[in-house]
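What follows is a single structure, written as structure tokens, with notes after it.
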Amino acid sequence: MRWVYLGLGWIATALGFVGAFLPVVPTVPFLIVAVWCFDRSSPRLRAMILKSEILGPPLRKWLARGAISRRIKIITTLAMAVGIVVATVLALPPVVILLQVAVCSAVLAYIWTRPEA
């Protein structure tokens, strides 16, 4: 299982890296998964992510208290709103837009009910 967790950790890290450059792909959730996987496969890689000057602080806050900073909450909300507007402008089928609104609403409800970092 160690190799499975290691592979999943690297995949999650790669997706988190992509998310740093694409506004609609989340970064921190993928890195939380990566830390969890590396905790079970490579403590050295887990420590490396948590010690990162850029990625470490939000991950440590999440791991310690389940906290998300207000700035990240706002950015996430705006990114999801932009995604819904783009889907509407592109005239995607209404069922797709409604599904997107439902998923985004559920995710935002979860995010906004977390403690603030």
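The values are calculated or read from the model by the stated rules, or taken from the named source; none is laboratory data. Remember, it's a predicted structure, so these values are computed and weren't measured experimentally. Cβ placement follows ideal geometry from the backbone for every residue including glycine, while neighbour counts extend to all protein chains displayed.
Brief remarks follow.
- Of the residues making up the range 43-69, those that are assigned to a loop (DSSP other than H, G, I, E, B) and within 14 Å of the chain's Cα centre (by Cα) are L55, G66, A67, S69.
- G56 meets the stated requirement of being surrounded by fewer than 17 Cβ atoms within 10 Å (Cβ to Cβ), of a type in the set (G, A, S) and at pLDDT below 90.
- Restricting G16, G7, G83 to residues that are in the same structural domain as S105 (by TED's automatic domain parsing) and either assigned to a helix (DSSP H, G or I) or touching a residue at least 40 places away in the same chain (Cβ under 8 Å) (or both) narrows the list to G83.
- The set of residues in the range 19-42 being touching a helix residue (DSSP H, G or I) at 6+ places or on another chain (Cβ under 7 Å), assigned to a helix (DSSP H, G or I) and within 17 Å of K61 (Cα to Cα) consists of V28, F30, L31, I32, V33, A34, V35, D39.
- Selected residue [closer than 20 Å to A106 by Cβ and modelled with pLDDT of 90 or more] from V33, V28: V33
- Out of L22, L45, one residue alone is within 20 Å of I68 (Cβ to Cβ) and out of contact with any strand residue (DSSP E or B) (no Cβ under 7 Å at 6 or more places or on another chain). It is L22.
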